[in-house]
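Q: If you scroll down you'll find the structure; I have some questions about it.
Values in this text are rule-based calculations from the coordinates and carry no lab data. All values reported here derive from a predicted model rather than from experimental measurement. Neighbour counts run over all protein chains shown; Cβ positions are idealised from the backbone, glycine included.
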4 protein chains.
Amino acid sequence: MDGTGTDIYARQNFGGVIGMGQSPALLIVDFTKGFADPDVFGGGNIAAAVAATVPVLARARRARMPVIHTKIIYAEDGSDAGIHCLKSRRLKLLTRSNPLSDFVPELMPLAGELVIEKRLPSAFFESGLAGILHARRIDTLLIAGCTTSGCVRASTLDAMCHGFRPIVLTDCVGDRALGPHEANLFDLGQKYADLMSSHDAMAQAEQIMQVVA
Amino acid sequence: MDGTGTDIYARQNFGGVIGMGQSPALLIVDFTKGFADPDVFGGGNIAAAVAATVPVLARARRARMPVIHTKIIYAEDGSDAGIHCLKSRRLKLLTRSNPLSDFVPELMPLAGELVIEKRLPSAFFESGLAGILHARRIDTLLIAGCTTSGCVRASTLDAMCHGFRPIVLTDCVGDRALGPHEANLFDLGQKYADLMSSHDAMAQAEQIMQVVA
Amino acid sequence: MDGTGTDIYARQNFGGVIGMGQSPALLIVDFTKGFADPDVFGGGNIAAAVAATVPVLARARRARMPVIHTKIIYAEDGSDAGIHCLKSRRLKLLTRSNPLSDFVPELMPLAGELVIEKRLPSAFFESGLAGILHARRIDTLLIAGCTTSGCVRASTLDAMCHGFRPIVLTDCVGDRALGPHEANLFDLGQKYADLMSSHDAMAQAEQIMQVVA
Amino acid sequence: MDGTGTDIYARQNFGGVIGMGQSPALLIVDFTKGFADPDVFGGGNIAAAVAATVPVLARARRARMPVIHTKIIYAEDGSDAGIHCLKSRRLKLLTRSNPLSDFVPELMPLAGELVIEKRLPSAFFESGLAGILHARRIDTLLIAGCTTSGCVRASTLDAMCHGFRPIVLTDCVGDRALGPHEANLFDLGQKYADLMSSHDAMAQAEQIMQVVA
């Protein structure tokens, strides 16, 4: 982001390192058919992020790392549509019976993996997720999903606010447009989360889990 | 944001209009000395945003529109510092006794105007603000403050999630760097809020208040 | 509650009147088959409360008053069971596929009536309900359901905390045991809600809706 | 509570044991001068609960157990008073400048102990407390304070909902009237928390902390 003045962030001591805690989990945000489809909510580098997440999910399962999947679900009759649906009118199409709400086939949850249905961008906003994770003593979240400028950013911010250590997996998050993708990675890395490649983050998380186990 | 692929947002029906409701209030986010000072957390177009907010605040008071001011306050002994302070190490300097935590002189709250102290970016995150505003039946928030990419964005998103109609006053919000300022206005306008000049927004809000009164 | 010293509440100015606002809704908490069945979670005066709620629901529908129904739903695989399920081990049986999770036949939701699935006592705790109701400008909740000492109390308290005016319909709430029922009505009436018979509350709410309409 | 039908709770498998986790803290709810004074909000067994908490606090400090103190604080100008203050009109007297808002002298916080100011019954409702505690990996809360039927109950319920293991110290909680005190201990023990004497709870917590250290 040259020429946009962002060097001031370093001078003001932003961009510190949070670091991982003792108990990581993998949070996969909204990788559903609707967000993978460029004609609905997809496009940009979302398909690449889905592809990069496939081996990460396999690796998390081998390491017995807890996995959380989120999706947007609105009531069939529109009774729970709020202000958000005024801004993004198509959102309320994402009902439980709509195939666009299904997870992409390559990232289907297994039994025992937590699935959070939500109406709003953040995986944490009024979803009950924070309490469930805290009851399991999870303290670190490796975050994949889409979109970087939407549900990933909102979920990452709220993860931090709820006391988790958020690590955004830079190759596993995507957006329908690259400008917002890059701009939001900048904000997240400066203020709310550590940015790591999935390879580096998974290697570190696996090591933590072995030490603890 | 040419060349960044953002035209896809229009094709996917983002950027709808929320519109004002029946009961607007003015929310001024974190215009404190620390955020006005380029050597602390300020810089960029924040000073201009402060200046533009002065007549807006006067106009709101004349119209008897409710006003809410927010600031970040951490405990003197650091006992309530969380993950956020790992990323932005200077934040915990913002204690109640630190003059940097004072509101800028030109935007001091009057008695009866709500002052919300918060530890995190969003004016709403665990601050009690949503319930207080709802008890007064406020349904629309005209939002000024800083930074666009930080506390303004987080507050605007949460305002929407809590069921308010957020209107970002584009001339009254600022950031320490223009790149993030512009990028976040784009995201906010596409997904979470209406973008309006303070002049247009105040004129419309005043009209609403006259009709209701 | 003679002999228990509760006269001190009056001396300390508890038990004030909240009063109705301008936009009431009917909130029916957890009247599902599992909570109606004395062999599962039911018993006491719950059946009587269900019966008393039937005409109230009909009346609300005639008045076009918004109606919200809540139920407890846990994931089939137990992945979202938390601390609550350690205390009440049977709770996690309440999955979507379990007929005990169905609403009692006489109080089935109609299309367009909001159904909130929750994991915890309060209808508001991390359920998204507050934001949805606020977006519709609902400010008053007439509360029926069960149990008085559990989900009704928790929902009523949170309704107040979120800025709603809670009215507990005394004949439409029930508990598996009368001691806790009475004790919790006392607490609610002293500190968190107005207590009214369903007849009086509905009559007043209808009048408010006519004036506004 | 004989004759009130509460034996049904055992038959329905309520009253399970939560147990302590790995990292306990002591939460002291609202032991301020106003709640210790029988002419303001005190009375009943609150003075006895304060007295019983003094050695518990000393013991927690010796064991280096984290301690959290809460109090109610409303703005001097009444700008943040909500529905709760309609029900309990005196509450809004509890401003920061009012000596009634001071902690009782025998339970004053030390530097480094978290002090949470709140407007509502629960220590957790929109106070930021859950996130702060989770960031420190605290998973168990030993709860003292007042009143049993008010802020203690609300805080205990929310502690559970946020994924903590709540232990109510039965000799360290009090109410202005014994009827509500007993009734709420029953509800808490059946549904939301373990009930323990302060002696037993502290002994177990100290043992856990030694094993972990």
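Q: Which distances in nm, rounded to one decimal and ordered from shortest, link the label point of A:Gln22 to the equivalent label points in the other identical copies, with labels set 7 Å from Cα toward Cβ?
A: With the label placed 7 Å along Cα→Cβ, A:Gln22 yields 0.4, 5.3, 5.3 nm.
Q: Enumerate the amide H contacts of A:Thr32 below 5 Å, restricted to partners 5 or more residues apart or on another chain; note that Pro and chain-start residues carry no placed amide H.
A: A:Val104
Q: Right, here's the next one. P(r) tail for the protein assembly as shown, what percent of Cα pairs lie past 39 Å? Walk me through the numbers on the way to the answer.
A: Values: 128535 of 362526 pairs.
Cα-Cα pairs in the protein assembly as shown separated by more than 39 Å: 35 percent.
Q: Considering only chain A, pick the residue with its Cβ nearest the axis of the rotation onto chain C, and state the distance in whole Å.
A: Result for the A and C rotation: A:Glu126, 2.
Q: Could you give, in nm with one decimal, how far B:Asp200 is from each other copy of that position, shortest first, with labels 7 Å out from Cα toward Cβ?
A: 4.3, 5.1, 6.7
Q: Would you mind giving the mean number of other chain beta-carbons within 10 Å of the Cβ of each residue in A:61-74, as a whole number? If you can, show how the numbers build up before the last one.
A: On the way: counts 0, 0, 0, 0, 0, 1, 1, 2, 0, 0, 0, 0, 0, 0.
Averaged over the peptide's residues, the number is 0.
Q: Which cross-chain or sequence-distant (5 or more) residues have an amide H under 5 Å from the amide H of A:Ser197, H modelled 1.01 Å from N in plane?
A: Amide H neighbours of A:Ser197, under 5 Å, 5+ apart: A:Thr170.
Q: Based only on Cα atoms, what mean projected area does the convex hull of the range D:150-213 have, in nm²?
A: Working: hull surface 18.6 nm².
Averaged projected hull area, Cα only: 4.7 nm².
Q: Shifting gears a bit: Give the average, rounded to an integer, of partner chain Cβ atoms located within 10 angstrom of each Cβ in C:150-161. All intermediate terms of the calculation are to be shown ahead of the outcome.
A: Values: counts 6, 0, 0, 5, 7, 0, 0, 10, 8, 2, 9, 14.
Whole-number average of other-chain Cβ neighbours for C:150-161 is 5.
Q: Quick one: dipole size for the range D:78-213, taken about the Cα centre, charges +1 on Lys/Arg Cβ and -1 on Asp/Glu Cβ, in debye to the nearest 20. All intermediate terms of the calculation are to be shown ahead of the outcome.
A: Numbers: 13 positive and 15 negative charges, 122 e Å.
So the dipole magnitude of the range D:78-213 works out to roughly 580 debye.
Q: What are the distances, in nm and sorted shortest first, from the label point of B:Glu117 to the label points of the same position in each other copy, with each label point placed 7 Å from Cα along the Cα-to-Cβ direction?
A: 0.3, 4.1, 4.1
Q: What number comes out for the charge environment of C:Ile132, summing +1 per Lys or Arg and -1 per Asp or Glu over other residues with Cβ under 9 Å away?
A: On the way: positive: A:Arg119, C:Arg136; negative: A:Asp80.
Once positives and negatives cancel, what remains is +1.
Q: Kindly write out, for the range A:49-65 in residue order, the coupling ³J(HN,Hα) from the Karplus curve 6.51 cos²θ - 1.76 cosθ + 1.60 (θ = phi - 60°), rounded to whole Hz, with x marking Gly and Pro.
A: 5, 4, 4, 6, 7, 4, x, 5, 5, 4, 5, 4, 5, 4, 7, 6, 7
Q: Sticking with this structure for a sec: What order do you get for B:46-56, D:152-162, B:137-147 when each peptide is scored by the mean count of other beta carbon atoms within 10 Å, highest first? Mind showing how you got there, number by number?
A: Values: B:46-56: 19.5, D:152-162: 28.6, B:137-147: 25.7.
The peptides rank, most packed first, as D:152-162, B:137-147, B:46-56.
Q: Right, here's the next one. For every helix of n ≥ 4 consecutive DSSP H residues, a contribution of -39,500 (n - 2.57) applies; sum these over the protein assembly as shown, divide by its total residues, and give [θ] at 222 nm rounded to the nearest 500 deg cm²/dmol.
A: On the way: 32 runs with 296 residues, N = 852.
Value at 222 nm, helices only, nearest 500: -10000 deg cm²/dmol.
Q: If you don't mind, there's one more thing I want to ask. Counting only other chains, what is the mean number of Cβ atoms within 10 angstrom of the Cβ of each residue in peptide C:85-97? Let's see the in-between values first.
A: Details: counts 3, 8, 15, 9, 5, 4, 4, 0, 0, 0, 0, 0, 0.
Taking all residues of C:85-97 together, the mean is 4.
Q: Could you pull out which residues in the range D:60-97 have an amide N less than 20 Å from a spot 7 Å beyond the Cα of B:Ser97, following the Cα-Cβ vector?
A: D:69, D:96-97
Q: Further, regarding this structure: What list of ³J(HN,Hα) values in whole Hz, one per residue of the range B:77-90 in order, does the Karplus curve 6.51 cos²θ - 1.76 cosθ + 1.60 (θ = phi - 60°) give from phi, with Gly and Pro shown as x?
A: 8, x, 5, 10, 6, x, 4, 4, 6, 6, 7, 10, 5, 6
Q: Can I ask one more? Under 5 Å between amide hydrogens, which residues at least 5 positions from C:Val173 or on another chain qualify, with H placed 1.01 Å from N in the peptide plane?
A: C:Gly145
Q: Which three lengths, in whole Å and largest first, does chain A cover when its Cα atoms are put on their principal axes?
A: Its Cα atoms span 47, 47, 29 Å along the three principal axes.
Q: Normalise the Debye intensity by I(0) for the range C:64-154, one equal point scatterer per Cα, no solvent, then take log10 at q = 0.12 Å⁻¹ and round to two decimals.
A: So the normalised log intensities are -0.40.
Q: Could you give the Stokes-Einstein D for the range D:1-53 in µm² per second, using the C-alpha Kirkwood radius, 37 °C, 0.692 mPa s? Let's see the in-between values first.
A: On the way: Rh = 14.7 Å.
Using the Kirkwood radius from Cα pairs, D works out to 223 µm²/s.
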